[in-house]
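**Q** One structure, as structure tokens, below. Some questions next.
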Amino acid sequence: MDVIVIGGGAAGMAAAITAATLKNRVTILERAERLGRKLAVTGNGRCNLTNLNMSPEHYHGRRGFISSVLNSFNVEQTLSFFRGIGLITTSEPSGKVYPHSDQAGSVVDVLRFALSALNVNIITNCTVSEIAVSGDGFKLKTSIGPFRASRLIVTCGGAAGAKAGGSRLGYQLLKGLGHSCTNLHPSLVQIKTENKYTRPLKGVRADAAVTVQKRGSGIARSSGEVQFTDYGISGPAIFDVSRSITTGGSDLTVSLDLMRKLDRHELNELITSRLGSGLTMENLLTGTLHNKLGRTVLSRLGYSLSAPVSQLSRNDVGEISNMIKNYELPVIGSLGMDAAQVTAGGIPVEEFDPVTLESRIVPGLFAAGEILDVDGDCGGYNLQWAWSSGHLAGLMGDLQNDIEN
Ligand SMILES: Cc1cc2nc3c(=O)[nH]c(=O)nc-3n(C[C@H](O)[C@H](O)[C@H](O)COP(=O)(O)OP(=O)(O)OC[C@H]3O[C@@H](n4cnc5c(N)ncnc54)[C@H](O)[C@@H]3O)c2cc1C
């Protein structure tokens, strides 16, 4: 069968390898100059390709659908597939899996070599602008001329990360065929807050418990590293709650507990124990918090850094502890889709069969990867979605012959 895969990213390459292994004639049409452009920059250039702690709870979308797809090609099968094409991987205590080479480029390379060994026809610098159903198959309009195929796999990715190739083109292609698309929001993205109390801390990292509050009630929580920037906050613990911020509407505040190791009482005692130290306020929190952070906490409360610590009252100590345990930053927004790692939203999964990923609207058309309304947490979950759904779409319903089962 003649199969065209539109989009040569993670899901598209996985789909093409599966379809070609099943003896189909496969062509990948990719609008960029080379395959796997986004894949090559994942995980800060290291590519966190999956996570050993896999469960549907790490995903947002229809859980039943997501489980069905993840179970069809699970983490073990994914790692054995990669080993089979020459990629040795290594895992961290958090469960995150990386190539042993520590280079995202290795992941792209082994996929490229596998495609080439299977004689997949790779056409780059080719943007597909329209899909039409034609007889038993499909006719495509592209930037380099028309193409025909009897089966189509759409893996155009999401809108996130424009610099790495993210775009809305895939959604438009499928909408042109009668599919719908949900609202799109950036996820795994830096957060803009009022920056009066973050800008002086630019470059400082802190361990914190993070709570997103909407009009006083907590709507999301995380903990871990927070990075302060001139526009607001970033870092893994912020990425983990960013989806609830970009989809959470207005009136949001991020509250940071900058000393989660100590409760309020212990923190009060610690500060009180320093009142007789003869220090000035500048050094009251030295050894407790990053120096810049400690001084910003005290300045935010209006204390003069040159005053002696001995002047502090019991109320003052309570106020300082409160500020450390609840460092509030009103949210302005996020750095947006271009800066995001993944798109929340996409083509509704109800429009696809969870067993085959064939469109319920356009028979013969399959879709996989970020273009679908599924997104995962930070930690390799989005790429696992791309591998699992890409593999399943590549089977094109030929489940009897699943090479991995
Ligand atoms: C900076 C960054 C770091 C990330 N790090 C990680 C990580 O470490 N771990 C993780 O799990 N996830 C990570 N992600 C998310 C992950 O990269 C994506 O979720 C994943 O690549 C999605 O795979 P995909 O195949 O669906 O889309 P993509 O990999 O984006 O591939 C889609 C391809 O389709 C092509 N295309 C689009 N439209 C057309 C068209 N009309 N015609 C022809 N070609 C077209 C695009 O050029 C692109 O190559 C990261 C994302 C970013 C931006």
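**Q** Straight-line reach only, C-alpha to C-alpha below 17 angstrom: list the lysines that Lys261 could link to, leaving out same-chain residues fewer than 8 apart.
**A** Cα-Cα hits under 17 Å: Lys325.
**Q** Along the charge dipole of the range 191-334, pointing to its positive end and built from +1/-1 on Cβ of Lys, Arg, Asp and Glu, which listed residue (Thr247, Ala208, Val297) has its Cα farthest out?
**A** The listed residue farthest towards the positive side: Thr247.
**Q** For the range 1-154, what proportion of DSSP beta bridges, expressed in % and rounded to the nearest 5, is antiparallel?
**A** 55 percent
**Q** Can you check what the net charge comes to around Phe147, using other residues whose Cβ is under 9 Å from the Cβ of Phe147 (Lys, Arg +1; Asp, Glu -1)? Walk me through the numbers on the way to the answer.
**A** Working: positive: Lys139, Lys141, Arg148; negative: none.
Here the count lands on +3.
**Q** While we're on this one: Could you tally the net charge around Lys202, taking each other residue with its Cβ under 15 Å from the Cβ of Lys202, Lys/Arg +1 and Asp/Glu -1?
**A** +4
**Q** Right, next: Using 1/(1 + (r/R0)^6) with R0 = 45 angstrom and r between the beta carbons of Thr356 and Glu266, what's the FRET efficiency to the nearest 0.05?
**A** Numbers: r = 56 Å, r/R0 = 1.25.
About 0.20, to the nearest 0.05.
**Q** Moving on. Determine the sum of side-chain charges near Leu39: Lys and Arg each +1, Asp and Glu each -1, restricted to other residues whose C-beta is under 13 angstrom from that of Leu39.
**A** Working: positive: Arg34, Arg37, Lys38, Arg46, Arg112; negative: Glu30, Asp109, Glu370.
That works out to +2.
**Q** Roughly how big is the chain's charge dipole about its Cα centre, with Cβ charges of +1 (Lys, Arg) and -1 (Asp, Glu), in debye to the nearest 20?
**A** Values: 38 positive and 36 negative charges, 162 e Å.
My answer is approximately 780 debye.
Only the coordinates and a few stated rules stand behind these numbers; no lab work does. Since we're looking at a predicted model, the values are computed, not measured. Quick reminder, even Gly has a Cβ in these numbers, built from the backbone with ideal geometry, and neighbours come from all protein chains shown.
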